[in-house]
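**Q** Just dropping this structure here.
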Amino acid sequence: MKSMYQLNQIPSSRQIEKYIRRIVFGKNMFCPECRSRKVVRYEARYRCLRCRRKFSLLSHTWLGNMKLHYEKFWMLLWSWTCAIPIKQTAALTRLSEHTVRHWFGVFRAHLPRETHVLERIVQLDEAYGKGWSLVMAKQPDSRKVAYVILPERSVDRQDAVKFLEQYVKPGSKLHTDGAMIYRGIERWWPVVHGTDIHAKWEFSKTSEIEGTFGNMRTFIRRMYHHVTAEKMPDYLREFAVRFSSPEMFKNPKYYLQKSLMLAPTC
């Protein structure tokens, strides 16, 4: 009920335009080329009186080529921030699934690049799919995760060591499921290694990373219905940001405040 109520509150084109103008230009309009405030408006565009460049609200942002009406764009962004699945979003917006997937990909591409170095206690595990494998770690009692996707359906000790070198602070306690690739791992990277033997119903040391994998699979299936090796890095990146920085998805306006920046001038 709450989601449908929010959907009924889609702002008008004028309100959305006002939001975007404030996010991109602040209180005072200026030329994105020369930064002059000597700007005049005619119809839906602006013209700088100093450098004579013409521009629009979106022309110097990653939305510069958008052909959608503002309300339709806002509905798409609202659906994505609320994690509304592809098919339901297509039905709500009356756009094709192809268009919805395209725009979800655009939104995903402008999420922040996050890199976490995990410490203290780190839970590590792998997952496998068609043509890919995933190594992921989580710092318990936190939202910090780190991962790497490999383009083959296998993970060896060299892959595990390389992951630790990049994402796990020396001296941390490393908890794994006792797979062969982790045996003696402390000789390759300075960690204190502890294991769960799942065959013996031991799960306490790896429960959080196992739960994170479960959440990841549920999110991808629910949101995108299926995953290919080509798309897995994109979907996983979105999941990781949703997990680590849920505030990014609080509402469309907050997401745009964090992502809609002026493109650098040449």
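**Q** Of everything in region 218-242 that's closer than 18 Å to Ala137 by Cβ and in contact with a strand residue (DSSP E or B) (Cβ under 6 Å, 6 or more places away or on another chain), which residue is modelled with the highest pLDDT?
**A** The residue in question is Ala240.
**Q** Lys67: of a type in the set (D, E, K, R) and in contact (Cβ under 8 Å) with a residue 12 or more places away in the chain, yes or no? Lay out the reasoning, then the answer.
**A** Numbers: of a type in the set (D, E, K, R): yes; in contact (Cβ under 8 Å) with a residue 12 or more places away in the chain: no.
When the stated conditions are applied, Lys67 does not pass them.
**Q** State the number of residues belonging to region 161-179 that are surrounded by fewer than 13 Cβ atoms within 10 Å (Cβ to Cβ) and either free of Cβ contacts under 8 Å to residues at least 12 places away in the same chain or outside any helix (DSSP H, G or I) (or both). Give the derivation first.
**A** To start, the set of residues in region 161-179 that are surrounded by fewer than 13 Cβ atoms within 10 Å (Cβ to Cβ) comprises 165-166, 170-171.
From the residues that got through so far, the ones that are either free of Cβ contacts under 8 Å to residues at least 12 places away in the same chain or outside any helix (DSSP H, G or I) (or both) too are 170-171.
So the answer is 2.
**Q** Here's a follow-up. Of the residues Thr89, Thr61, only one is buried (at least 19 other Cβ atoms within 10 Å of the Cβ), of a type outside the set (A, V, I, L, M), touching a residue at least 40 places away in the same chain (Cβ under 8 Å) and in the same structural domain as Tyr254 (by TED's automatic domain parsing); which?
**A** Details: Thr89 fails: touching a residue at least 40 places away in the same chain (Cβ under 8 Å).
Within the list Thr89, Thr61, the selection yields Thr61.
**Q** Specify which of the listed residues (Ser12, Ser96, Ser79) is at pLDDT 95 or above, of a type outside the set (A, V, I, L, M, F, W, C) and surrounded by fewer than 12 Cβ atoms within 10 Å (Cβ to Cβ).
**A** Ser96
**Q** Report yes if some residue within region 243-257 is in contact with a Phe, Trp or Tyr (Cβ under 7 Å, 6 or more places away or on another chain), farther than 30 Å from Leu76 by Cα and in a helix (DSSP H, G or I); otherwise report no.
**A** Within region 243-257, not a single residue is in contact with a Phe, Trp or Tyr (Cβ under 7 Å, 6 or more places away or on another chain), farther than 30 Å from Leu76 by Cα and in a helix (DSSP H, G or I).
One line per residue, one yes/no per condition, for (1) in contact (Cβ under 8 Å) with a residue 40 or more places away in the chain; (2) loosely packed, with under 13 Cβ neighbours inside 10 Å; (3) not in a loop (DSSP other than H, G, I, E, B):
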residue: Ser204; (1), (2), (3): no, yes, no
residue: Ile209; (1), (2), (3): yes, no, yes
residue: Met223; (1), (2), (3): yes, no, yes
residue: Val227; (1), (2), (3): yes, no, no
residue: Glu230; (1), (2), (3): no, yes, no
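**Q** Please count how many residues of region 29-45 are farther than 16 Å from Arg14 by Cα and in a loop (DSSP other than H, G, I, E, B).
**A** 10
**Q** Could you please give the count of residues in region 134-160 that are of a type in the set (S, T, N, Q) and surrounded by 17 or more Cβ atoms within 10 Å (Cβ to Cβ)?
**A** Within region 134-160, the first condition is being of a type in the set (S, T, N, Q), and the residues that meet it are 139, 142, 154, 158.
Filter once more, so that each one left must be surrounded by 17 or more Cβ atoms within 10 Å (Cβ to Cβ): 139.
Qualifying residue count, region 134-160: 1.
**Q** Further question: Checking the condition free of Cβ contacts under 8 Å to residues at least 60 places away in the same chain and assigned to a loop (DSSP other than H, G, I, E, B), which residue from Arg50, Arg14 passes? Explain how you work it out, then say what you get.
**A** Values: Arg14 fails: assigned to a loop (DSSP other than H, G, I, E, B).
Only one candidate passes the filter, namely Arg50.
**Q** How about region 67-160: which strands (runs of 3 or more DSSP E) wholly inside it have at least 2 residues that are within 16 Å of the chain's Cα centre (by Cα)? Show your work before the answer.
**A** Details: elements: 121-129, 132-138, 145-150.
Passing ranges, in order: 145-150.
**Q** I'd like to check something: does region 249-265 contain any residue that is exposed (fewer than 13 other Cβ atoms within 10 Å of the Cβ), polar (S, T, N, Q) and over 20 Å from Asp125 (Cα atoms)?
**A** Checked region 249-265: at least one residue is exposed (fewer than 13 other Cβ atoms within 10 Å of the Cβ), polar (S, T, N, Q) and over 20 Å from Asp125 (Cα atoms).
**Q** Quick one: which residue in Thr115, Thr81 is β-branched (Val, Ile, Thr), under 30 Å from Leu150 (Cα atoms) and touching a residue at least 60 places away in the same chain (Cβ under 8 Å)? If you could, list the steps in order and put the result at the bottom.
**A** Details: Thr115 fails: touching a residue at least 60 places away in the same chain (Cβ under 8 Å).
From the options Thr115, Thr81, the qualifying one is Thr81.
**Q** Then there is this: So, in region 19-40, how many residues would count as being more than 24 Å from Ala109 (Cα to Cα) and in contact (Cβ under 8 Å) with a residue 12 or more places away in the chain?
**A** Looking only at that region, the number is 6.
**Q** Provide a single number: the residues in region 180-189 that are surrounded by 13 or more Cβ atoms within 10 Å (Cβ to Cβ) and in a loop (DSSP other than H, G, I, E, B).
**A** So the answer is 3.
The values are calculated or read from the model by the stated rules, or taken from the named source; none is laboratory data. Nothing here was measured: the structure is a model prediction, and the numbers come from that model. Positions of Cβ are generated from backbone atoms using ideal geometry, with glycine treated the same way; all protein chains shown enter the neighbour counts.
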